[in-house]
1. Would you list which lysines come within 28 Å of LYS299, measuring only between C-alpha atoms, while excluding same-chain residues fewer than 8 positions from it?
2. Considering only protein heavy atoms, what per residue accessible area in square angstrom results for the chain with a 1.4 angstrom probe?
3. What accessible area, in Å² to the nearest ten, does a 1.4 Å probe give for LYS105?
4. If you average over every viewing direction, what projected area does the convex hull of the Cα atoms of the stretch 74-115 give, in nm²?
5. Which value, in debye to the nearest 20, gives the size of the charge dipole of the chain about its Cα centre, when Lys and Arg are +1 and Asp and Glu are -1 at the Cβ?
6. What ranking of ASP73, ASP8 comes out by heavy-atom accessible area, probe 1.4 Å, highest first?
7. Pick from ILE196, ILE386, ILE35: which is most flexible by mean-square fluctuation in a GNM of the chain where alpha carbon atoms under 10 Å apart are linked?
8. At 222 nm, what value in deg cm²/dmol follows for the chain if DSSP H runs of at least 4 each add -39500 (n - 2.57) and the sum is divided by all its residues, to the nearest 500?
Amino acid sequence: MSQLSVTDIIDFVQENDVKFIRLAFCDLYGTQKNISIMPQELKYAFDEGVNFDSFLILGYEETDGQDLFLKPDPDTMHILPWRPQSGRVIRFYCNVVLADGSPYKYDYRNFLKNTLNQCEKMGFTTRMGLKSEFYLFKTDENGNPTKETFDNGGYLDVAPNDKGENIRREICLTLEEMGISPQSSHHERGPGQNEIDFTPADVLTTADNLVTYKNVVENIAARNGVWASFDPKPIADAPGNGLHIKMANYRGAVNLINDDKEFSENFMAGILNRMRDITIFLNCRKDSYDRFGMSEAPKYITWSSQNNSRLLRVPEVNGKRNHFILRSPDSCINPYLASAIIIQAGLAGVENKETLPPELEVNSRFLTEDRSAYFDMLPVSIEEAIDCAENSDFIQNSEFADIAARYIETIKNTD
């Protein structure tokens, strides 16, 4: 639901037996947090915000004692279909603000909104779609996850080898009820591994949708007696879980990837040229780095139009491009911060009129050591990724340097 006034929402709550309102936001790792309030508190939440103990939330530890408040974004209201229909539950994503209502400096969702405003001032918008992978594991008699996968199926298998098809079906139907549009779903390469792909939307909506999607997957899996894992490398000798980010820039309804190739290639070059600087924001866990270079996951900072093992793909169908795909992130990102950082890197490429290197169509498994020695590599560990970010001129000279530094320091302290 969107474009509703506060009055419309309060009327909806009264007329549709809504008894609980969840005010949701994300911690540094993109894990959803929420406070539930009763209907009579909703107007106050819109007007003043609801206080929470920020020092208990990773990434929101406020050092100078300022109170933080959650203010619901009225455009993000959703009914939670898996909750009871009698005494319904709705959820809003929230902006984090100070006591005077001004934005909290380290609210990553606000950072993304400010980044998108920069794009609009430059005369373009960005749309983003996602491909997200997850594993399903069996649970024990107490509902705790085991190390046994839900099935032993492989890529694009069907039942009975694929035991997850009914769970994926329920996930997709639930997401549709919430206004989120899956494009396709299938069994992935790993045993018990699944993928769901999404129709592109504006970037803020897509970031919100990723948080919703993970919550839906985890709830539907639990309801079916299994455990869903988005961990980057949950099984040492099996493919990791990636999050492929599909992007395109527009002026009005015109897709710039074909109609303004210089702009688009500058934007993509900006991302590629800063990948070592920004990887910690896209891969924030130790096991994120165990995935690189394995089972078609990228290792080198290269691009291609057709090769599936490249870091950045620019697919062509009948000689026409519609989008590009960044293949290194995983679903443990904070989607607001990661999306903003990717776009900021692209904007730097546009500003500097940077150009793409020659594309590389050779599959990674066929690259010789002599040839691969010429390519820059993604960081091989979280420590290297942190070092790259801390020594990045791009980050240190940016307007978001404080946000980046706060994020990196929190990662280091929780590592």
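1. Answer for LYS299, where 28 Å is the Cα cut-off: LYS131, LYS147, LYS214, LYS233, LYS246, LYS261, LYS286, LYS320, LYS353, LYS412, listed by chain and number.
2. 44 Å²
3. Estimated to the nearest 10 Å², LYS105 gives 110 Å².
4. For the Cα atoms of the stretch 74-115, the hull's average projected area reads 4.3 nm².
5. Dipole size: approximately 800 debye.
6. The ordering from most to least exposed comes out as ASP8, ASP73.
7. ILE35
8. After summing the helix terms and dividing by the residues of the chain, the value is -10000 deg cm²/dmol.
The values are calculated or read from the model by the stated rules, or taken from the named source; none is laboratory data. Just so it is clear, the model here is predicted, and its values are computed rather than measured. Glycine also receives a Cβ, built like all others from the backbone with ideal geometry; neighbour counts cover every protein chain displayed. With ligands, DNA and RNA removed, areas are computed over all heavy atoms of the protein, side chains included. Shrake-Rupley method; radii C 1.70, N 1.55, O 1.52, S 1.80 Å.
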